[in-house]
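The values are calculated or read from the model by the stated rules, or taken from the named source; none is laboratory data. Predicted model only: the values in this text are computed from it and were never measured. Here the Cβ positions follow ideal geometry from the backbone for every residue, glycine too, while neighbour counts run over all protein chains shown. These accessible areas exclude ligands, DNA and RNA; they are computed on the full protein's heavy atoms, side chains included. Shrake-Rupley method; radii C 1.70, N 1.55, O 1.52, S 1.80 Å.
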Amino acid sequence: MRKIPLMLCAVMLASAAAGCGSKDRGDGAGHMYDAPLQGNPKSLDPQYASDPSSNTVIKNMYSGLMKTDDNGNISCCNAEKYTVSDDGLTYTFQLRKDNYWFIDKNGNDIIEKNEYFPVTAKDYVFALQRVLDPHMQSPYAEYYSCIKGGKKIISGQLDALTAGVTAKDSYTLEIKLDHPSSEFLNLLAAAPSYPCNKEFFESTKGTYGLNDKSVMSNGAFYMRQWMFDPYGHHNILYMRRNDVNTNLDYQVIPSYLSFTIQNNEEDVRECFKDSEIECFTTFSGSDSSKNNNITSKSATTLGFIFNDKKGYFSSAALRKAIALSVNREQLADELSDDIQAAYGIIPPAARLAGRSYREMASDRVFNVYDPEKAKDLIQRAKNELGVGSFENVKIMVCADTVNSSYLHLITQDWQDVLGIYIGIEDVSEDEFYRRLDENDFSLALYPLRGDMSAAYSVFKNFESDAHLKSASDGVKHLDELLSCTSVSETAEKCTAAEHAILDKSGFVPVFYKNSYLVADKDNEDIFFDPFTGAVDYRLAKNYS
């Protein structure tokens, strides 16, 4: 292990001591943030984790080669600089020499010589091999399939060690691709490509990321304590600023993150109401009357899905009639700030190369309102099904997802224009997904969201989500999108994929729905990713 120079060590020890002290910059430096996690983190393994609680801790504990800001702009992080070959197939990164792994082995909150060592190119090699390794079962493997040999590794035809990722020396990383990818740098800013130290990983003997002794930080904060008892009431996860990495190109302001682990959003909101926490994220919206700082991002598309295995919606004509008879322009005038009328599949918060995809590719080319054609299709569906009317049909809605009163605007129009009546049934989240799994529904309003902020990640759902697969049979999604050599080509193919899916009328977009970060009025610069659910406290300021 290479040691930090003695002078630097002394500076970091002084910084660690100062971190326990007062607010000397007027922005809450030294502040301990009280924050919630809704549910215990399932795994703090960046190559594997997918739940919001895990993603929040990982975001604050690790850092990668690249980074994106809240506006989607990408820049170097632990990479000092990089080059790309003329053919777009070889990326070479020169790593910073001042990024360190740290684990507080004895728990005394002091940076000691045997507790830190440099992050090297081998740590990124091992991380990307793990993502591709089919034994790992990373949910993100397909995104990284552009790495040389990636597809064959994922399918088990090649060993993960053969991936086109090489440590040329301790601080030079080379990544070769099978084909150019316009979004590859963005992938290298995402959590699945954060480094993983092989020696430490193997020392955890199968418990990596599962407790406070089996994680190691190379980012802004390190793990101090993680206690969770499913039958207890004082479940916490406690982090301290990682002053071994004070040479980051941004100033980490809080000294502590103190997470309380709650069972559900109701408990989280109660904690916020009692001023026990300083912020929370929600899908349900929040009352702004208390002058809270509220950030919203439209990251979810709510659309109709159909039970095409039985009942009326086995008729493609009926599904198409429903798709053509949603008057979104009329609907838009009646909606609140929480939702907006959706014409396309990809929501406004999804990005390509740092820009909103919906700004690059308008959704108004989709789902044209055509009630006359819908009437003809309704009659065709009745003839096919041998019925004179459609009875006992209801839209199943998860009550925690959206105010179903907005759907009455649609169903009333169906009744007036098409002469069909479809009711609305609000159910709990548990019942909603149980009945979907059991095919105990006719029509449902389904929430669709990508697991990354990239626009193409939305399409992954149509390959992996059993409730959406039939909506896109025969349509190629990720495989083509991840092979694009330019941003414009990616945008074109995303639009083509939207067209192909919408033409099948298996998923009918209705609303784009907001997600929210609600912070106490004394807090600023807390950022959140509505796709991963991660909340970023590294730059958070507190003026209380």
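Taking the residues in the stretch 131-145 that are surrounded by 23 or more Cβ atoms within 10 Å (Cβ to Cβ) and touching a Phe, Trp or Tyr at 6+ places or on another chain (Cβ under 8 Å) as candidates, determine which candidate is nearest to Asp451 (Cα to Cα).
Val131
Can you name the residue in the stretch 447-457 that is of a type in the set (A, V, I, L, M, F, W, C) and either touching a strand residue (DSSP E or B) at 6+ places or on another chain (Cβ under 7 Å) or more than 30 Å from Ala189 (Cα to Cα) (or both) and is also surrounded by the fewest Cβ atoms within 10 Å (Cβ to Cβ) among such residues?
Filtering first and then ranking leaves Leu448.
With the structure loaded, tell me whether Phe117 is open to solvent by less than 10 Å² (accessible area, probe 1.4 Å), under 14 Å from Ser217 (Cα atoms), in contact with a strand residue (DSSP E or B) (Cβ under 9 Å, 6 or more places away or on another chain) and not acidic (Asp, Glu) or whether it fails that test.
Judged against the criteria, Phe117 is not a match.
Can you find, within the stretch 385-396, the residue that is surrounded by the fewest Cβ atoms within 10 Å (Cβ to Cβ) among those that are in contact with a helix residue (DSSP H, G or I) (Cβ under 7 Å, 6 or more places away or on another chain) and not in a loop (DSSP other than H, G, I, E, B)?
Ranking the qualifying residues of the stretch 385-396, first place goes to Leu385.
(1) among the charged types (D, E, K, R); (2) in contact with a strand residue (DSSP E or B) (Cβ under 9 Å, 6 or more places away or on another chain); (3) surrounded by fewer than 16 Cβ atoms within 10 Å (Cβ to Cβ): which one isn't true of Asp503, the others all being true?
All conditions are met except number (2).
Can you find even one residue in the stretch 436-446 that is assigned to a helix (DSSP H, G or I) and either at pLDDT 95 or above or loosely packed, with under 13 Cβ neighbours inside 10 Å (or both)?
yes
From Tyr433, Tyr421, which residue is in a loop (DSSP other than H, G, I, E, B) and either surrounded by fewer than 20 Cβ atoms within 10 Å (Cβ to Cβ) or among the hydroxyl-bearing types (Ser, Thr, Tyr) (or both)?
Answer to the check: Tyr421.
Which of the helices (runs of 4 or more DSSP H) contained wholly in the stretch 307-380 include at least 1 residues that are surrounded by fewer than 16 Cβ atoms within 10 Å (Cβ to Cβ) and among the small types (Gly, Ala, Ser)?
In the stretch 307-380, 328-332 are the helices (runs of 4 or more DSSP H) which contain 1 or more residues that are surrounded by fewer than 16 Cβ atoms within 10 Å (Cβ to Cβ) and among the small types (Gly, Ala, Ser).
Go through Cys77, Cys9, Cys20 for me and flag whichever is at pLDDT below 85 and surrounded by 15 or more Cβ atoms within 10 Å (Cβ to Cβ).
Exactly one of Cys77, Cys9, Cys20 is at pLDDT below 85 and surrounded by 15 or more Cβ atoms within 10 Å (Cβ to Cβ), namely Cys9.
Residue by residue through the stretch 505-520, note down the ones that are assigned to a strand (DSSP E or B) and not hydrophobic (A, V, I, L, M, F, W, C).
Pro509, Tyr512, Lys513, Asn514, Ser515, Tyr516
For the stretch 224-248, give me each residue that is open to solvent by 20 Å² or more (accessible area, probe 1.4 Å) and touching a Ser or Thr at 6+ places or on another chain (Cβ under 9 Å).
His234, Ile236, Tyr238, Arg240, Arg241, Thr246, Leu248
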